[in-house]
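Dropping a structure here in structure tokens format, bear with me for questions.
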Amino acid sequence: MTDAAAKQILDVKMTCSGLATGKMRNELEVFGSWNPDNPWKLATDEGAFHGGDGTAPPPLALFAAGTAGCFMTQVRAFSKKLRVPVTALKVECVFKWKAVIPDKAPYVSEPVGFSIDIELESTASLEDQKALIDAAKKGCFIEQTLVQANVIDHRLKVGDDWVVV
């Protein structure tokens, strides 16, 4: 079998539609390419600092949960594929940013760093456990997004047209 024949490519697409519904509350519907007719419904809100009511987690909490959950999912999924038994898994993730506040202007956010501490119970060798963690890092879509420079396009609807901003 050639390398080209062995390689499969899976296209994954997430689409999120959001609607502002309160002071700072957002109602969100997230569609996955594998469930276009059954979206997950989520909400975000901010606390008093941003003028919200704290009725839902802030977006950064969902980001942190998504990152931790993605990594943990990959550890368990790949443990089976790599035959590395996992009897318990716990992670402690720390996400740090700073906000640069210029005079008379909105703040600008800047990432400082992210870390994931892993407690893994396994009878596998340390080498196999490290290989599992490495595979999980490479398989976690969110972590792979974070380790690269990315371009995010923004468009503003003006009348019937979209303007790049």
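The values are calculated or read from the model by the stated rules, or taken from the named source; none is laboratory data. As the structure is a prediction and not an experimental result, all values here were calculated from the model. Cβ coordinates were reconstructed from backbone atoms using ideal geometry, including for glycine residues, and neighbour counts include every protein chain displayed. Side chains included, ligands, DNA and RNA excluded: accessible areas come from the protein's heavy atoms. Shrake-Rupley method; radii C 1.70, N 1.55, O 1.52, S 1.80 Å.
So, in the range 45-56, exactly how many residues are open to solvent by 60 Å² or more (accessible area, probe 1.4 Å) and not charged (D, E, K, R)? Let's see the steps before the verdict.
Our first condition is that a residue be open to solvent by 60 Å² or more (accessible area, probe 1.4 Å); within the range 45-56, this holds for 48-50, 53, 55.
After this cut, where a residue has to be not charged (D, E, K, R) as well, the list is 48-50, 55.
Going through the range 45-56 one residue at a time, the tally reaches 4.
A further question on this structure: Among the residues of the range 19-39, what is the count of those that are in contact with an Asp or Glu (Cβ under 7 Å, 6 or more places away or on another chain), surrounded by 12 or more Cβ atoms within 10 Å (Cβ to Cβ) and not in a loop (DSSP other than H, G, I, E, B)?
Residues of the range 19-39 in contact with an Asp or Glu (Cβ under 7 Å, 6 or more places away or on another chain): 19, 21-25, 33, 39.
Pick out the ones that are also surrounded by 12 or more Cβ atoms within 10 Å (Cβ to Cβ) and you get 21-25, 39.
After this cut, where a residue has to be not in a loop (DSSP other than H, G, I, E, B) as well, the list is none.
Total satisfying the criteria: 0.
Listed here are the residues, each with its yes/no results for (1) of a type in the set (Lys, Arg); (2) open to solvent by 50 Å² or more (accessible area, probe 1.4 Å); (3) within 18 Å of the chain's Cα centre (by Cα).
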| position | (1), (2), (3) |
| --- | --- |
| ALA61 | no, no, yes |
| THR67 | no, no, yes |
| THR73 | no, yes, yes |
| ALA77 | no, no, yes |
| GLU119 | no, yes, no |
| THR123 | no, yes, no |
| ASP134 | no, yes, yes |
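Right, next: Determine whether PHE49 is more than 19 Å from the chain's Cα centre (by Cα) and outside any loop (DSSP other than H, G, I, E, B). It would help to see each step written out before you state the result.
On the way: more than 19 Å from the chain's Cα centre (by Cα): yes; outside any loop (DSSP other than H, G, I, E, B): yes.
Taking the combined requirement at face value, the residue satisfies it.
Okay, moving on. Do the conditions hold for LYS13, that is, is it basic (Lys, Arg), modelled with pLDDT of 90 or more and under 16 Å from PRO57 (Cβ atoms)? Reasoning before the result, please.
Working: basic (Lys, Arg): yes; modelled with pLDDT of 90 or more: yes; under 16 Å from PRO57 (Cβ atoms): no.
Against the criterion (basic (Lys, Arg), modelled with pLDDT of 90 or more and under 16 Å from PRO57 (Cβ atoms)), LYS13 does not qualify.
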